[in-house]
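Notes to accompany the following structure.
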Amino acid sequence: MSRSCCVVLREVVDADLPIFFAHQRDPESTRMAAFPARDHDAFFAHWAKIRRDPANIIRTIVFEGEVAGNIGSWPAGDKRLLAYWIGREFWGRGTATAALAAFVLEVTHRPLHAFVAKHNLGSIRVLQKCRFIQQHSAPTVGEDGVEELLFALPQ
Ligand SMILES: CC(C)(COP(=O)(O)OP(=O)(O)OC[C@H]1O[C@@H](n2cnc3c(N)ncnc32)[C@H](O)[C@@H]1OP(=O)(O)O)[C@@H](O)C(=O)NCCC(=O)NCCS
């Protein structure tokens, strides 16, 4: 279990999943992350799959005793990526920053990478506050036309 300020990271349990499902359905969140919501069946199938894979490191973010979101890391080609998702009711309280700070203490693989939509200023700020550095590769553009930036936490 990792802790930073008022945030605790712990293993994901089944009871967290309906909460994560609601978080990822929030339209403002999907716009920020430029990531479409999954429907019920796709969401639960996805989570069953990622929880089975021992290469994935996934944690529930608990803020003041409540499930506030999730953070995870997975191998992708020559990189280890990470991402996080905070429920809207927990925004603006330092939740993501504290969760990421705790996560990078627990997950010591370096470099750690994160792709972030260019318009997602909140997530960019979270990464910068945790010492991730924007990589100078050209922004990638997804099929949806959204530009993504690549950040890395070096050694
Ligand atoms: C982006 C997100 C993770 C931010 O979570 P949060 O818990 O509100 O972030 P924090 O409270 O730790 O804020 C960290 C910094 O970002 C800033 N910030 C947060 N949201 C912001 C926004 N929408 N616009 C501009 N700045 C923002 C905060 O002001 C703070 O900066 P400061 O310390 O200089 O004042 C959260 O809104 C979220 O999960 N969104 C949906 C999913 C998503 O985008 N995931 C990331 C995919 S890469």
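The values are calculated or read from the model by the stated rules, or taken from the named source; none is laboratory data. All values derive from a computational prediction rather than experimental measurement. Positions of Cβ are generated from backbone atoms using ideal geometry, with glycine treated the same way; all protein chains shown enter the neighbour counts. Remember, those area values only see protein heavy atoms, side chains included, never the ligands or the DNA or RNA. Shrake-Rupley method; radii C 1.70, N 1.55, O 1.52, S 1.80 Å.
Classify the chain as rounded, prolate or oblate from the Cα gyration tensor: take a ≥ b ≥ c as the square roots of its eigenvalues, call it rounded if a/c is under 1.5, otherwise prolate when a/b beats b/c and oblate if not.
Judged from the Cα gyration tensor, the chain comes out rounded (a/c under 1.5).
Probe of 1.4 angstrom, ligands and nucleic acids ignored: what's the accessible area per residue over the chain, in square angstrom? Could the numbers behind the result be given before it?
Details: 8610 Å² over 155 residues.
For the chain, the per-residue accessible area is 56 Å².
Can you send over the carbon and sulfur percentage of the accessible area for the chain, probe radius 1.4 Å, protein chains only? Please report the intermediate quantities before stating the final value.
On the way: 4750 of 8610 Å².
Accessible surface attributable to carbon and sulfur in the chain totals 55 percent.
How big is the dipole moment of segment 43-90 about its Cα centre under a simple scheme where the beta carbon of each Lys and Arg is +1, that of each Asp and Glu is -1, and everything else is neutral? Debye, nearest 20, please. Before the final figure, lay out the partial values.
Details: 7 positive and 5 negative charges, 53 e Å.
It works out to roughly 260 debye.
In nanometres, what is the gap between the two model label sites at Leu105 and Trp74, each 7 Å from Cα along Cα-to-Cβ?
According to this spin-label approximation, the distance is 2.7 nm.
With label points built 7 Å along Cα→Cβ from the Cα atoms of Ala15 and Arg125, find their separation and express it in nm.
In this crude label model, Ala15 to Arg125 measures out at 3.3 nm.
Test of understanding: what is the full-extension gain from Glu28 to Gln135, defined as 0.36 nm times their sequence separation minus their Cα-Cα distance? Don't jump to the answer; show the numbers that get you there.
Values: separation 107, 0.36 × 107 = 38.52 nm, distance 2.65 nm.
Once the chain is fully extended between Glu28 and Gln135, it gains 35.9 nm.
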